[in-house]
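Down below is the structure, laid out as structure tokens.
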């Protein structure tokens, strides 16, 4: 991370480029949706009345009958963005892991990796990213289910806001935990696809085997970068509190700009730490495992020579020892 910051900058570049394209596409779709809404002269008259009740009736009349178009827009955007992310993320991850392998491996090993057919690796990476998109979609549905369960616990006849919030929070935490574990496994499996040319399912199996055989190393790397990520999040939230606390004194544009700047810095640090964690996993896979020293191993001590006393003076050749005496009958 220190000697090769270009890895982190490349990760930030492709992630932010795709994110900017997504925001532009969402904004364009939103304005195109607004152009499809029919606004009559009566609606304009009610909007200019400055009466909340009349304005709400005008808005309800304008948006009435447009729910199907909203659903169509969401389906088209979700499908197109999901497919685009799978392709872009596969290409970017293949380039990143290939560069990391070139950093850890010998030149001849790196050239051997580059001679492998790239299309099969790309298909496997697309398969992994497809499962990541499916897991994210399932997590989104789980969050919606949490809202429904919270509403079912607290009906209108017998409201219980505390129980509803507890159920909602419990389901959200469970969904987030399952999604984060699956996303972590699938992102780590990309290393085996690029490094060893495995397919999607074999890469997932190899990831499970790596976590079982090198559990200490994998857990240590994940814990270190996880703590670094939490520290960056805490610092970012602390810095965001400053412009928000001065919202009544500073102009709204300065406050919003400060919040956006801190958010962008935090996102850049998070992407940089992600590449560092990925590099740590590549190092665990590529570098040899350290030898295990058992407790039964005995060190071999060198012979000790007495330099002050010569050998002839330390042992008297004429002195009788037990082996020289005749056996007594």
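The values are calculated or read from the model by the stated rules, or taken from the named source; none is laboratory data. Just so you know, these numbers come straight off a predicted model, no measurement behind them. Note: ideal-geometry Cβ built from the backbone for every residue, glycine included; neighbour counts use all protein chains shown.
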Members of the range 201-226 that are closer than 17 Å to residue 273 by Cα and either free of Cβ contacts under 8 Å to residues at least 60 places away in the same chain or surrounded by fewer than 18 Cβ atoms within 10 Å (Cβ to Cβ) (or both): 219, 220, 222, 223, 224, 225, 226
Listing of helices (runs of 4 or more DSSP H) fully contained in the range 93-200 that carry 2 or more residues being farther than 20 Å from residue 276 by Cα and modelled with pLDDT of 90 or more: 118-153, 161-196
Where residue 253 falls short, out of the listed (1) touching a helix residue (DSSP H, G or I) at 6+ places or on another chain (Cβ under 9 Å); (2) at pLDDT below 90; (3) part of a helix (DSSP H, G or I): (1)
Members of the range 1-46 that are in a loop (DSSP other than H, G, I, E, B) and either within 21 Å of residue 272 (Cα to Cα) or touching a strand residue (DSSP E or B) at 6+ places or on another chain (Cβ under 8 Å) (or both): 1, 2, 3, 4, 5
Every residue from the range 134-159 that is more than 30 Å from residue 185 (Cβ to Cβ), surrounded by fewer than 13 Cβ atoms within 10 Å (Cβ to Cβ) and in contact with a helix residue (DSSP H, G or I) (Cβ under 9 Å, 6 or more places away or on another chain): 152
Conditions (1) over 26 Å from residue 105 (Cβ atoms); (2) in contact with a helix residue (DSSP H, G or I) (Cβ under 6 Å, 6 or more places away or on another chain); number of the one not met by residue 242: (2)
Test: residue in the range 239-249 that is on the phi < 0 side of the Ramachandran plot, surrounded by 12 or more Cβ atoms within 10 Å (Cβ to Cβ), modelled with pLDDT of 90 or more and more than 17 Å from the chain's Cα centre (by Cα): no
Residues of the range 35-73 classified as out of contact with any helix residue (DSSP H, G or I) (no Cβ under 7 Å at 6 or more places or on another chain) and either within 30 Å of residue 189 (Cα to Cα) or surrounded by 15 or more Cβ atoms within 10 Å (Cβ to Cβ) (or both), total: 1
